[in-house]
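Worksheet: one structure, shown below.
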Amino acid sequence: MAIVLRMDKDAVAAVLAEIGTLLELKGENPFKTRAYHNAARTLEGLTEPLSTVVAEGRLGEVKGIGDALKEKITTLVTTGRLPYYEELKASLPPGLVDLLQLQGVGPKKVKKMYDELGIDSMESLEAACKAGRVAALDGFGEKSQSKILEAIAFRSRFASRHRLSDALAASEPILEALREHPDVIRCSTAGSLRRSKEVIGDIDFLASSRNPKSVLAYFVQQPGVQTILAQGDTKASVIVGKGIQADLRVVADDEFASALAYFTGSKEHNIVMRQRAISRGLRLNEYGLFRSTVETRDPALRVYCPDEESIFRELGLTYIPPELREDQGEFAAAEGGRLPRLVEWTELKGSLHNHSDWSDGRDPIESIIARAEELGLSYWAITDHSRASFQANGLDVARLHRQREIIRKHNEELARQGNEFRLLTGSEVDILKDGLDFPDHELAQLDVVVASLHVPSSDEAENTRRLIRAAENPWVHIIGHTTGRLLLDRDAYKINLNAVIDACAATGTWIELNAAPARLDMDWRHWHAARDKGVRCVINCDAHRLDHFNWLRLGAGVARKGWLTKADVINTLSLTDLRIALHAKRKRMGKA
Ligand code: DGT
Ligand code: CA
Ligand code: CA
Ligand code: ZN
């Protein structure tokens, strides 16, 4: 039987997980709700296409999928719909599920607040908290009421902010489409997206054309556009991707360079640019650079600037890459011709912190090799979790040994084929309260050791002490996701970052720039200073599945924002030089 796939496994998994949640909100028995959540996870981990499994009638053989689930999954896959789910969803107020996004608010609490106080939305929850009615509920109290209010405030602070990766994913197809339009002369993204900010408010596009109307009409019809907010003669605003606003401005081509500089910002950078113009008897605005002592856009006064480079040159500066335009020292450097040549993502040769299906990664080592080769990388470290991360299926010593042996065999096979790509063995070893999760003699056997703090204390001094101790361990190469932040979700844990940076500088321990879109940790704001202290950076994917390999590019954008050059980034080294670098700390500490 050939079947038409109406829904892929991730979409089906999302529906099953939502059914589980809806059932929890209804107070269904935990066995039933858990069955849906488990099935969702099982599907996510499936290594062959779901359509094949369904078509060959093998769904019932998948662990944890009984008859009821089998029928529902088949319906979803073949029709793209499930009446049971739709009815279930309709039987509850739509705002109820939103409440689960609040930290510390689970289905039990939501159900109780709904049953007893009729709370069915963020608004009614906030009102009830402010009136003290939530505190009065059995099992809640003043403390959990004020926690809920804090969580609501936290969430609204981020409602109109988006992760860079989501903004890039939404903007790239639109930019491609604009490039192809015959009426578009030049186009670019601008704003915080072009500056590679880790979190952005809205997407800014700029295009030049003699026919702005046709370009704007084309823009608002792009497949990614969900809503048109406004459409004028030179500007349109739409909603794209995961609810992100995007603006397109269309200008005449001789205004393109100044408009691009202006709308790229940042505001702080623009203010200095404008002052530099004024101090030279010029005026700089979004329409151009003008020989004038008053505000103008008179074409007769225009200083010919076909590109951004020429604007900077007129103002006595070398070209400042967009990532550096934050008024954080770029002017002094550009004046003296001392701007660094920033690292390019194509210079990266691999990633030194990644997971496989031995711990909580999705893919087997064979697929990881194939993907890395396909991308033309030189090396890829497998650093699965250590045993303390039991929820992530962390490896104990016996499994670590077995994995090391298997990787060694893969490398032998690669060598036999004359292939120069190599896997590196490793571990993302947990930093525990009193040391690392593996003894030194185990770490000593590994090519790459990343040490990460996954369960921090609430005490800053304690966390700082633990990280410094990890840096002082001769076998640890890299401190992983240094602050533990999750962008728009969880703040960094308490830590004296300067003290950790100093310890890394003193011991020759590298700091990771974790390129996962939610992390981008350590933050770009600290890299310039860390680099000056002698700390080197490793841009790591922390990949848990094959599509995470693309994060190298995201990480490089943020590294550029931290002023880093090729020489500052360890994983631009060739495999031979990397091996030497991996030995350097151990050698220095008299261990190798
Ligand atoms: P976002 O969208 O909040 O992540 O940040 P941006 O930087 O993209 O800001 P946005 O979209 O409000 O404006 C884009 C650029 O336009 C901004 O980086 C600088 C420029 N700009 C906007 N408003 C002003 C302003 O009032 N003064 C100056 N000097 N520049 C401005
Ligand atoms: Ca913007
Ligand atoms: Ca904007
Ligand atoms: Zn980790």
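The values are calculated or read from the model by the stated rules, or taken from the named source; none is laboratory data. These numbers come from a predicted model, not from an experiment. As a convention, Cβ positions derive from the backbone with ideal geometry for all residues, glycine included, and neighbour counts pool all protein chains shown.
What do you reckon, is Asp67 exposed (fewer than 12 other Cβ atoms within 10 Å of the Cβ), over 30 Å from Arg490 (Cβ atoms) and charged (D, E, K, R)? Can you show your working first?
Values: exposed (fewer than 12 other Cβ atoms within 10 Å of the Cβ): yes; over 30 Å from Arg490 (Cβ atoms): yes; charged (D, E, K, R): yes.
For Asp67, the condition - exposed (fewer than 12 other Cβ atoms within 10 Å of the Cβ), over 30 Å from Arg490 (Cβ atoms) and charged (D, E, K, R) - is met.
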Over segment 498-538, the set of residues under 18 Å from the mean Cα position of the chain (by Cα), among the charged types (D, E, K, R) and closer than 12 Å to Ile479 by Cβ is Glu512, Asp521
Looking across segment 5-53 at residues that are within 27 Å of the chain's Cα centre (by Cα) and in a loop (DSSP other than H, G, I, E, B), the single one that is nearest to Leu82 (Cα to Cα) is Met7
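On the basis of being on the phi < 0 side of the Ramachandran plot, surrounded by fewer than 22 Cβ atoms within 10 Å (Cβ to Cβ), within 16 Å of ligand 2 (Cβ to nearest atom) and not polar (S, T, N, Q), does Asp253 make the cut? Can you show your working first?
Details: on the phi < 0 side of the Ramachandran plot: yes; surrounded by fewer than 22 Cβ atoms within 10 Å (Cβ to Cβ): yes; within 16 Å of ligand 2 (Cβ to nearest atom): no; not polar (S, T, N, Q): yes.
So Asp253 fails the test.
Within segment 396-412, is even one residue in a strand (DSSP E or B) and modelled with pLDDT of 95 or more?
Pass one, segment 396-412, residues in a strand (DSSP E or B): none.
So far as segment 396-412 goes, no, none of its residues is in a strand (DSSP E or B) and modelled with pLDDT of 95 or more.
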Counting only residues in segment 296-353 that are among the aliphatic types (A, V, I, L, M), within 23 Å of Trp551 (Cα to Cα) and not in a strand (DSSP E or B), the one nearest to ligand 1 (Cβ to nearest atom) is identified as Leu324
Going through segment 152-200 in order, the residues found to be crowded, with 16+ Cβ neighbours inside 10 Å, more than 11 Å from ligand 2 (Cβ to nearest atom) and among the basic types (Lys, Arg) are Arg155, Arg163, Arg186
When every residue in segment 522-554 that is without any contact (Cβ under 8 Å) to a residue 60 or more places away in the chain and crowded, with 24+ Cβ neighbours inside 10 Å is compared, the one farthest from Arg362 (Cα to Cα) is Ala530
When segment 221-234 is checked residue by residue, the ones that are surrounded by fewer than 15 Cβ atoms within 10 Å (Cβ to Cβ), touching a strand residue (DSSP E or B) at 6+ places or on another chain (Cβ under 7 Å) and not polar (S, T, N, Q) are Ile228, Leu229, Ala230
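Condition (residue is of a type in the set (Val, Ile, Thr), touching a strand residue (DSSP E or B) at 6+ places or on another chain (Cβ under 9 Å) and away from ligand 3 (no atom under 16 Å from the Cβ)) applied to segment 267-281: is it met by at least one residue? Write out each step before concluding.
First, the residues of segment 267-281 that are of a type in the set (Val, Ile, Thr): 271-272, 278.
Add one more test, that the residue is touching a strand residue (DSSP E or B) at 6+ places or on another chain (Cβ under 9 Å), and what stays is 278.
In the following step, the residues that additionally are away from ligand 3 (no atom under 16 Å from the Cβ) were identified as 278.
Within segment 267-281, one or more residues are of a type in the set (Val, Ile, Thr), touching a strand residue (DSSP E or B) at 6+ places or on another chain (Cβ under 9 Å) and away from ligand 3 (no atom under 16 Å from the Cβ).
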Pairs returned, first residue in segment 267-296 that is hydrophobic (A, V, I, L, M, F, W, C), second residue that is part of a loop (DSSP other than H, G, I, E, B), beta-carbon separation under 6 angstrom, 6 or more apart or interchain, are Val272/Asp327; Leu289/Leu282; Leu289/Val303; Leu289/Cys305; Phe290/Thr296
For helices (runs of 4 or more DSSP H) lying entirely in segment 430-531, having 3 or more residues that are under 30 Å from Leu102 (Cβ atoms) and modelled with pLDDT of 95 or more picks out 460-472
Pairing a residue in segment 556-582 that is touching a residue at least 24 places away in the same chain (Cβ under 8 Å) with any residue that is of a type in the set (S, T, N, Q) and part of a helix (DSSP H, G or I), where Cβ atoms lie under 7 Å and the two sit 6 or more apart in sequence or on different chains, gives Lys566/Thr572
Of Gly508, Gly480, Gly484, Gly534, the only residue that is in contact with an Asp or Glu (Cβ under 9 Å, 6 or more places away or on another chain), on the phi > 0 side of the Ramachandran plot and not acidic (Asp, Glu) is Gly484
Picked from segment 407-448 (must be free of Cβ contacts under 8 Å to residues at least 40 places away in the same chain and crowded, with 19+ Cβ neighbours inside 10 Å), the residue nearest to His544 (Cα to Cα) is Ile431
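Kindly check whether there is at least one residue in segment 539-554 that is among the aromatic types (Phe, Trp, Tyr), within 15 Å of ligand 4 (Cβ to nearest atom) and within 15 Å of the chain's Cα centre (by Cα).
Going through segment 539-554, the residues among the aromatic types (Phe, Trp, Tyr) turn out to be 549, 551.
So of that shortlist, the ones also within 15 Å of ligand 4 (Cβ to nearest atom) come out as 551.
After this cut, where a residue has to be within 15 Å of the chain's Cα centre (by Cα) as well, the list is 551.
Within segment 539-554, one or more residues are among the aromatic types (Phe, Trp, Tyr), within 15 Å of ligand 4 (Cβ to nearest atom) and within 15 Å of the chain's Cα centre (by Cα).
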Return yes or no: is Leu46 at pLDDT 85 or above and surrounded by 12 or more Cβ atoms within 10 Å (Cβ to Cβ)?
no
Of (1) modelled with pLDDT of 95 or more; (2) over 26 Å from Ala333 (Cβ atoms), Ile311 fails just (2)
The condition of being farther than 15 Å from Leu564 by Cα and either more than 23 Å from the chain's Cα centre (by Cα) or modelled with pLDDT under 95 (or both) holds, among Asp363, Asp357, Asp327, only for Asp327
